[in-house]
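The values are calculated or read from the model by the stated rules, or taken from the named source; none is laboratory data. None of the values given here were measured: they were computed from a predicted structure. Here Cβ is always computed from backbone atoms with ideal geometry, including for glycine, and neighbour counts include all displayed protein chains. With ligands, DNA and RNA removed, areas are computed over all heavy atoms of the protein, side chains included. Shrake-Rupley method; radii C 1.70, N 1.55, O 1.52, S 1.80 Å.
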Amino acid sequence: MEQQNWAISILEDGFGRVRESVEHVLLGLSPERAAAQPSPTANSVGWLVWHLSRITDDHFAALAQVLDGGDAPRGRERTMPLGQVWIDWRNRLGTPYPEASTGYGHTPEQVAAFPHLEPSLLGEYHAAVHERALEILRGLRPEDFGTVVDYRWDPPVTAAVRLMSILNDATQHVGQAAYVKGLLSPHP
């Protein structure tokens, strides 16, 4: 009988909660409201959902690439990891950003340039990212969690730390999206 890997179970639950929250935050939004910024320097709901999905997609692909025998990054170079679902989604979403962009460091002008998309399309992209993330999670072995996947930090980042970082980032951004949605809602 195979012993349950509690770390994977906990991470699946955490990312599942993010998935449910993304569905909830996109519910009832029009493309205009999804792209609306409560102020010129604020992020929109759509941009936040895209960003948390891109980060999840990018970071899981990078983790899988290293665990499959690739080299963990050491310098400040930024390459686009293979295995992202973004390759199949970029043209469908029509974002004006470079292919490898995840939204990290975007200016208010770049956020404002985010297209007016059907929220359901953003939800579909996030669902595809979520399924790919689960596939990678379920393929992890207990010894993978201690593998260094990024040498650009001090201390170097292990797979366990990277997974928690991805989950933390996604949780924060979906909470921000819910807050922005609330700011856009009419008040009684």
* Structure fact -> Rounded to the nearest 10, the angle in degrees between the Cα long axis of helix 119-138 and the longest principal axis of the Cα atoms of the chain comes to 10
* Roughly how many Å is it from the Cα centre of the stretch 93-121 to that of the stretch 12-35, as a whole number? -> 17
* **Heavy atoms of residue 23 accessible to a 1.4 Å probe, total area in Å² rounded to 10** => 100
* Inter-part distance where the stretch 38-92 and the stretch 141-174 are each reduced to a Cα centre, Å -> 14
* To do: For the stretch 70-177, run through the trypsin sites (Lys or Arg not before Pro) and keep only the ones in DSSP coil with at most 15 other Cβ atoms within 10 Å of their Cβ.
  => 74, 76, 78, 152
* Asked: Between residue 150 and residues 5 or more places away or on another chain, which pairs have amide H atoms under 5 Å apart, with H built 1.01 Å from N, and which residues are they?
  -> 157
* To do: Please work out the average accessible area per residue across the chain, using the 1.4 Å probe convention, and give it in Å².
  => 54
* Asked: In the stretch 71-104, which chymotrypsin sites (Phe, Trp or Tyr not before Pro) fall in coil by DSSP and have 11 or fewer other Cβ atoms within 10 Å?
  -> 104
* Structure fact -> Calculating Rg/Rh (Cα atoms, Kirkwood Rh) from this structure picks out, from (1) 0.94; (2) 1.14; (3) 0.98, entry (3)
* Structure fact -> Whole-percent carbon and sulfur contribution to the accessible surface of the chain (1.4 Å, no ligands, DNA or RNA) stands at 55
